[in-house]
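The values are calculated or read from the model by the stated rules, or taken from the named source; none is laboratory data. If you're wondering where the values come from, they're calculated on a predicted model, not measured in any experiment. So basically every Cβ, Gly included, is an ideal-geometry build from the backbone, and we count neighbours across all protein chains shown.
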Amino acid sequence: TLSGFKEVREEEKSQMVGNVFSSVASNYDLMNDVMSGGLHRLWKDRLVFKLNPFPGMRHLDVAGGTGDVAFRILQSLNSVSRRAVQDVLQDNLQEETHIYVCDINPNMLNVGKKRAQERGLEDRSLRWVEGDAEALCFEDASMDGYTIAFGIRNVTHIEKVLAEAYRVRDNMTRVMPQEVMILCSNLPSCVQLYEDKIAPVVTISSYIAIHDHHIVEHAADHVCPFYSMRSMFHDPADGFQFKKVLKPGGRFLCLELSHVEAPGFKQLYDYYSFSVIPALGELVAGDRESYQYLVESIRRFPPQDMFASMIADAGFQKVEYENLVGGVVAIHSGLKF
Ligand code: SAM
């Protein structure tokens, strides 16, 4: 069936992305410099400048890979003058800073941990978390900021990632009556209208008690496709609600390779990405295919305006973007109110 086909393709995509990043992990930082001529450093600096980190913040860097963005956030915080920190502390913001680097690929995280050691950044504020951007496992309304740099392009469902960043739902969700019958046999439930029928509404606790991924994912696919219920299985002990990753007022920032439109520059950029980058991948990392895949994924990524609409559709306000180098990369941002 079509949906069967789609599932296989999606599975293939996430497997392929996994293979690509396992394969490039050890050369990843060198290749970033080679391919962008070092510009990725300035782009990440710009991202962190726009984030405007503050002491005491809780920040989540998703698809954080080898830690580049997290290191910059820490460095930016460390460079805040003592005086300013003192003021902040007096303002009762004594809570510790936490910067979480979340990535699905343990190889990338391991390279990141080593780099942190080498740079003397084994800060207790820095936490490395293996996890999926489509199904995050963080506390309710726990983050002041969320960044994702060169990561959203590689995920299977962009909408799920955006919904996870925002998490619009409250601690109840609607599911199909028949699923609820199975899920809730002897679990607490309440009732809410769903498509003119009386349908039970179950809390996450009911699902956790079931421990059956298939039933839950089936329900999720039918009723709230933008919300992956898999997240609850990451830590069944940590509560029974859908969790809102960003706090109200939290900032979402996404740095991503994007689309160049200016005539002349576009042809040059196309030549560079389709011919030069795979050749560099082969020469420097001995891996043409992975870099070919990365280039193709850039072309498939939605153009700036369309991606901005997707962010707004996820619930974010004040969505805007800034093109850098004529759109080679763009920084999209949004606020959660
Ligand atoms: N943000 C880092 C940077 O800018 O240097 C790393 C970017 S790297 C191009 C993309 C990262 O996304 C890889 O580390 C990969 O493992 C991660 N990734 C891909 N799919 C993911 C997912 N579903 N959830 C979390 N991370 C994912």
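Structure notes:
- Meets criteria (more than 24 Å from N52 (Cα to Cα), of a type in the set (D, E, K, R), away from the ligand (no atom under 14 Å from the Cβ) and surrounded by fewer than 18 Cβ atoms within 10 Å (Cβ to Cβ)) for E118: yes
- Sole exception among (1) out of contact with any strand residue (DSSP E or B) (no Cβ under 6 Å at 6 or more places or on another chain); (2) part of a helix (DSSP H, G or I); (3) surrounded by 13 or more Cβ atoms within 10 Å (Cβ to Cβ); (4) at pLDDT below 90 for S231, by number: (1)
- Selection from region 122-138 of residues that are touching a Gly at 6+ places or on another chain (Cβ under 8 Å) and more than 15 Å from the ligand (Cβ to nearest atom): none
- Listed by position, the helices (runs of 4 or more DSSP H) enclosed by region 242-303 that each have at least 2 residues that are buried (at least 20 other Cβ atoms within 10 Å of the Cβ) are 277-285, 288-300.
- So H40, is it within 16 Å of the ligand (Cβ to nearest atom) and at pLDDT 95 or above: yes
- Qualifying residue in region 57-64 (condition: within 11 Å of the ligand (Cβ to nearest atom), outside any strand (DSSP E or B), buried (at least 23 other Cβ atoms within 10 Å of the Cβ) and on the phi > 0 side of the Ramachandran plot): yes
- Where a residue in region 73-85 is modelled with pLDDT of 75 or more and its partner, wherever it lies, is part of a helix (DSSP H, G or I), with Cβ under 6 Å and at least six apart: I73/V48; S76/V48
- The lone exception for F54 - which of (1) surrounded by fewer than 23 Cβ atoms within 10 Å (Cβ to Cβ); (2) under 16 Å from A149 (Cα atoms) it fails: (2)
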